Structure formats: structure tokens, C-alpha cells
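Data block below; observations after.
The values are calculated or read from the model by the stated rules, or taken from the named source; none is laboratory data. What you see is a predicted model; the values in this text were computed from it and never measured. Every residue, glycine among them, receives a Cβ derived from its backbone with ideal geometry; neighbour counts consider all protein chains shown. We work out accessible area using only protein heavy atoms, side chains counted, and drop any ligands, DNA or RNA first. Shrake-Rupley method; radii C 1.70, N 1.55, O 1.52, S 1.80 Å.
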Amino acid sequence: MAELLRSLRDSELVARFQRRCGLFPGQEASGEKHVVKNYFYYYLFRFSAALGQEVFYITFLPFTHWNIDPYLSRRLVVIWVLVMYIGQVAKDILKWPRPSSPPVVKLEKRVIAEYGMPSTHAMAATAISFTLLISTMDRYQYPFILGLIMAVVFSTLVSLSRLYTGMHTVLDVLGGVLITAVLIALTYPAWTLIDSLDSASPLFPVCVIVVPFLLCYNYPVSDYYSPTRADTTTVVAAGAGVTVGFWINHFFQLVSKPTPSLPVIQNIPPITTDMLVLGLTKFMVGIMLILLVRQLVQNLSLQVLFSWFKVVTKNKEARRRLEIEVPYKFVTYTSVGICATTFVPMLHRFLGLL
């Protein structure tokens, strides 16, 4: 078993996979970082890697909420936040390095400072695809086998992309998928409780804000700076904001309550041009409002924190300090989550888009 685990952590195994897919190291003399000999795999896995980025989920999840089903978006957000937090914390506790280069070709630079085990891309893709499958199979009429195939294909492509881009070993990816499977199995009995959180007591929003903030502020200390803490705070804060937004909607009766998951079984309506135009319009309106709120709250929170800690405003390094980075990220993305679930639907209704 120990020998098998060592082989799965071997960087050469990743390098062989890259070469089989037509990706080779470049020539140092010519200044080439890498050589691509199969552009089908290159664009396939680069696109698949993008499907595992936070940017994709920050757009996909609001689109699901505004255009498909708030009930689904709530479950997806909660599970996504859970697996991302556990995955990110596990990285900084285990501190397993990413594949070595050479022999591996690394195509991404932003997260290169992060540790490798487990792959949070693989975790997020597995969590989103299979939570979506489990949550819709008793809610909408569609061939289950088709949904299963789509979930497997999506999670597999994102997982393989982490090998192709040279960011994870095979063990990192398998570990991420396995951890997610265990988390889904353990939390599944509580999913109905998650669906009723918006009817909780007035103290509920306080807990939803305070507990996640403390988790982010007491994030494991790394040996050097990496974007892991900032990314984790972004995800957790967005999830806290979404949860508070659902509570606000229920408590103040701002929107109608989502229909229960059972025993309602709905037919998936045919996609028409009018539906696409309406969906894209709602999405663009929502994204513009979110970006505006994000920019305003971020600037305001940074100004307050810089003034409080007597830091020069243009000092970019100061943003990385714990007492500045976590509060401004948390306040910014909590506001984004509340805006997405509360104010955007109100704007949609005001504009006659609902």
C-alpha cells in the first residue's frame, strides 16, 4: 500500500500523462516554456480547468439561482462552501508539495504557491456535479443515466485537467474526489435541514456571520504567503452571505418560498429563444449589480481598515496582512452573497423580469 501511494505521488507519473496528451517541456535556449503537440487535449483540459475555477462557480451558482431554481442553488452553495473550506484547510495542514518541475510542465502560475493535497478543483467539481444530480433526480423528470453520465464526465474532465496543467499528482486528485464522496455521504441526511435554515430564529444570521468569520480568521498559518487563505475567505463569505440572504427573504417575506423537493416532480421546460434572452438579461443585470456592490464595499472596507491600522492606502502588501485581508474579503463577499440572493431578485421584479 505504501508503495502504491508513493507511486501515485510521483511527479513522473504526471509528466508521462502530459506527454501522452502532447504536452512537452520547452527548450530553455529558445525561451519556450512548453511545447504543445496536440491542441485538442490542450484546449480541452484548459477549458476543463476553467470549469473548476472560483470564477466559474461565482457565475454558475447565481445563474442557477436567478434562472433555474433557488432551491438547487442553496444546496449547491452550502455543499460547495463546505468542501472548499475543508479542502483548503487540509492543504495547509498536510503541506504536501505540488508536482516538481521538471519533469512536470506547469501551466498555471497564480496558485503555484499553494500546497497540493487534496485537489480542491477535483473536490468542487465532484461536489457540484453530484449534489446537482442527487438534488434534481427526485425534483425533475429526466433520464437518470444521462444525469449520471454528465456528472461523471464533468468531474472527470476537471480532475484530469489538474494533471494536464501540472498542478496536482494523481494522489491529490483521487484524495480530493474521495474526501468529497465521504462528505456528501455524511451530510446527505442533513440536506433537508439545510433547506429549512431560512426559517430559523433571528439569531441565526449572527451565527452564520460570526462562526465563518472566526474560521477564516483562525485559518492555519502557512510557512509563506499563498492565496489559499484569501480564496477560502472569499468562498466562505459568499456562502455566509447567500445563507443570510435566504433568511432575509423568508423573514421579511421578500420573495415566495421555494417549493419543497418532494413529492413535486417537474418537467424540464423546452428551451426557447425568449427564455434564453430573458435568462441572459437577468444574468447580466444581476452580475452588473453584484460587481457594483463588490467594488463599493471592497473600497469602503479597505479604506476603513487602512485608516484603523494606519496603513498607507496604496500599500498592496498590506492587503495580505491577516487583520486586513480576512475582514475586507469577508465583508465584501458576504455583501455579494446577500446582494445575489436578496437585492438582485428585487431588481428583477422591479424591472419586470420575473
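Looking only at residues in the range 130-143 that are farther than 20 Å from ALA190 by Cβ and among the hydroxyl-bearing types (Ser, Thr, Tyr), the one that is surrounded by the most Cβ atoms within 10 Å (Cβ to Cβ) is TYR140. Considering each residue of the range 147-163 in turn, none proves to be of a type in the set (Ser, Thr, Tyr) and in a loop (DSSP other than H, G, I, E, B). If the condition is being under 26 Å from GLY239 (Cα atoms), in contact with a Pro (Cβ under 6 Å, 6 or more places away or on another chain) and open to solvent by less than 40 Å² (accessible area, probe 1.4 Å), then the range 91-114 contributes only ASP92. Summed over the range 112-136, the residues that are under 15 Å from LEU163 (Cβ atoms), modelled with pLDDT under 80 and aliphatic (A, V, I, L, M) give a count of 0. Right, ALA122: without any contact (Cβ under 8 Å) to a residue 24 or more places away in the chain and under 23 Å from VAL236 (Cα atoms) or not? No; evaluated as a whole, the condition is false for this residue. Scanning the range 57-77 turns up no residue that is more than 30 Å from PRO212 (Cβ to Cβ) and either aromatic (Phe, Trp, Tyr) or outside any helix (DSSP H, G or I) (or both).
Considering PRO202, PRO212, PRO220, the condition of being assigned to a helix (DSSP H, G or I) and either under 18 Å from LEU82 (Cβ atoms) or open to solvent by 10 Å² or more (accessible area, probe 1.4 Å) (or both) is satisfied by PRO212 alone. Taking the range 300-319 as the range and being surrounded by 13 or more Cβ atoms within 10 Å (Cβ to Cβ) and either among the hydroxyl-bearing types (Ser, Thr, Tyr) or assigned to a helix (DSSP H, G or I) (or both) as the test, the residues that pass are LEU300, SER301, LEU302, VAL304, LEU305, PHE306, ALA318, ARG319. Out of everything in the range 21-35 that is open to solvent by less than 50 Å² (accessible area, probe 1.4 Å) and within 28 Å of GLN88 (Cβ to Cβ), what residue ends up being modelled with the highest pLDDT? Filtering first and then ranking leaves CYS21. Tell me which residues, restricted to the range 298-319, are under 18 Å from ARG229 (Cβ atoms) and at pLDDT 80 or above. Within the range 298-319, GLN298, SER301, LEU302, LEU305, PHE309 meet the criteria.
Restricting the range 162-188 to residues that are open to solvent by less than 20 Å² (accessible area, probe 1.4 Å) and among the hydroxyl-bearing types (Ser, Thr, Tyr), the residue that is nearest to GLU108 (Cα to Cα) is THR165.
Just for the range 36-62: of the residues that are β-branched (Val, Ile, Thr) and either open to solvent by 40 Å² or more (accessible area, probe 1.4 Å) or on the phi > 0 side of the Ramachandran plot (or both), which one is modelled with the highest pLDDT? Selected residue: THR59. The combined condition, being surrounded by fewer than 17 Cβ atoms within 10 Å (Cβ to Cβ) and without any contact (Cβ under 8 Å) to a residue 24 or more places away in the chain, is fulfilled by LEU146. Of all positions in the range 255-277, none carries a residue that is modelled with pLDDT of 75 or more, under 22 Å from the mean Cα position of the chain (by Cα), part of a helix (DSSP H, G or I) and not acidic (Asp, Glu). Here PHE330 clears all of (1) touching a Pro at 6+ places or on another chain (Cβ under 8 Å); (2) surrounded by fewer than 19 Cβ atoms within 10 Å (Cβ to Cβ); (3) in contact (Cβ under 8 Å) with a residue 60 or more places away in the chain except the condition numbered (2).
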